[in-house]
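Notes follow once the structure below has been shown.
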Amino acid sequence: MQTSPPPPLSSPARTIRIVSRKSQLALIQTHWVRDELQRHFPHLGFEVVTMETQGDKVLDVSLSKIGDKGLFTQELEESMLRGDSDFAVHSLKDLPTRLPTGLMLGCITEREDPADALVVHARHRQSTLATLPEGAVIGTSSLRRLAQLRHHYPHLVFKDIRGNLNTRLQKLDEGGYDAIILAAAGLLRMAMGDRIHAILPPSISLHAVGQGALGIECRAGDTAILDLLTVLSHSATTVRCLAERAFLRELEGGCQVPIGVNTSLVDNTLTLTGLIASLDGQQLIQDTIVGDPETAEALGTELAQRLRSQGGQAILEEIVAANRA
Ligand code: DPM
């Protein structure tokens, strides 16, 4: 049976459907994308459809335990593959480095500040991570944040925290934690930048791959949609994030590992720093590669191979073994 092609984008019968998670941050991001496209293409119709994902529903289990591929993306991907929607807006860091057959990363938007941020309870307004009291409880579900902060601040205690940004801030304000670590980008996009007590420098916390950027996923080869998306694409962010994603892709073995990065693109030179940490924060293996932005992905892959041979491989194997036990 032959299915007829969808009507052209300019047909009045054709509305372009954007699929999104329902969280406040997801909707802010998706509405921004829709508004930008509507501004560039006033004659086209855009509609946002929202869905819940596994990651939104399962809130009582630690991210690192359930946190495998596509936790926040799978339902949206199925919707695009069914033809119920045309593209999805994700926080790039939640988009797996390998996508299902039939889908592709259509574009990467300009990055917000990719750094991690410290948010403290009001009683610690005068404190820094270094001066928080012995045993102070820090909320995070990120193995990456946990391992790096354990390394630098062994006097702190770490406790899982789940839920969307509003829920997490509420849990902090209610006194369940002394401080929490969040992506600065999420707070800034939600106009809650005033909650940022300190930005963590790369010497303390290397951020997650793709943090602060949006990744738009669409059906592979959907040229009509890909053409529209070019107006949202940011070339410097794209180069940096493609290097970061190639680095992560080369290290991933289907389990959550503390992996951090930092990138810069200055004077047509790409600098990528990558880190693999042991879960206890005892070992931080870090290196930096510098090169031509044209070879961004090859640089990411090479850096990953270097870290493996510098002790990263042993850490990866340890984590896989611990997950099996
Ligand atoms: C991923 C991680 C976290 C999110 C793991 C990591 C943080 C979980 C936690 C892959 N996705 O960063 O090491 O801290 O318990 C997420 C956030 C954003 C996108 C929230 C945040 C907003 C920032 C952005 C959750 N995904 O990191 O505080 O768009 O980059």
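The values are calculated or read from the model by the stated rules, or taken from the named source; none is laboratory data. Model, not experiment: these values are computed from the prediction. A quick note on method: Cβ atoms are made from the backbone with ideal geometry, for glycine too, and the neighbour counts reach across all protein chains shown. Surface accessibility is based on the protein's heavy atoms, side chains included, excluding ligands, DNA and RNA. Shrake-Rupley method; radii C 1.70, N 1.55, O 1.52, S 1.80 Å.
Out of LEU76, LEU81, LEU105, LEU99, one residue alone is assigned to a helix (DSSP H, G or I) and open to solvent by 10 Å² or more (accessible area, probe 1.4 Å). It is LEU81.
For region 114-140, a tally of residues being farther than 17 Å from TYR153 by Cα, out of contact with any Gly (no Cβ under 6 Å at 6 or more places or on another chain) and within 15 Å of the ligand (Cβ to nearest atom) returns 1. Among the residues that make up region 112-123, is at least one of them open to solvent by 20 Å² or more (accessible area, probe 1.4 Å) and assigned to a helix (DSSP H, G or I)? Yes, there is a match, as at least one residue in region 112-123 is open to solvent by 20 Å² or more (accessible area, probe 1.4 Å) and assigned to a helix (DSSP H, G or I).
The number of residues in region 197-212 that are more than 14 Å from ILE181 (Cβ to Cβ) and within 13 Å of the ligand (Cβ to nearest atom) comes to 3.
For ALA130, the criteria (1) in a loop (DSSP other than H, G, I, E, B); (2) buried (at least 21 other Cβ atoms within 10 Å of the Cβ) hold in every case but one, which is (2).
Does region 307-325 contain at least one residue that is touching a helix residue (DSSP H, G or I) at 6+ places or on another chain (Cβ under 6 Å), surrounded by 16 or more Cβ atoms within 10 Å (Cβ to Cβ) and not assigned by TED's automatic domain parsing to the domain that holds ALA88? Taking every residue of region 307-325 in turn, none turns out to be touching a helix residue (DSSP H, G or I) at 6+ places or on another chain (Cβ under 6 Å), surrounded by 16 or more Cβ atoms within 10 Å (Cβ to Cβ) and not assigned by TED's automatic domain parsing to the domain that holds ALA88.
For region 142-155, a residue qualifies if it is open to solvent by 10 Å² or more (accessible area, probe 1.4 Å) and either more than 16 Å from LEU284 (Cα to Cα) or part of a helix (DSSP H, G or I) (or both), and the qualifying residues are LEU143, ARG144, ARG145, LEU146, ARG150, HIS151, HIS152, HIS155.
Looking across THR230, THR238, one residue alone is closer than 21 Å to THR109 by Cβ and either in contact with a Lys or Arg (Cβ under 6 Å, 6 or more places away or on another chain) or open to solvent by 60 Å² or more (accessible area, probe 1.4 Å) (or both). It is THR230. Within region 213-227, the set of residues being open to solvent by less than 50 Å² (accessible area, probe 1.4 Å) and either away from the ligand (no atom under 14 Å from the Cβ) or free of Cβ contacts under 8 Å to residues at least 60 places away in the same chain (or both) comprises GLU217, CYS218, ASP222, ALA224, ILE225, LEU226. Only one entry in GLY215, GLY281, GLY291 is more than 30 Å from VAL33 (Cα to Cα) and touching an Asp or Glu at 6+ places or on another chain (Cβ under 9 Å), namely GLY291.
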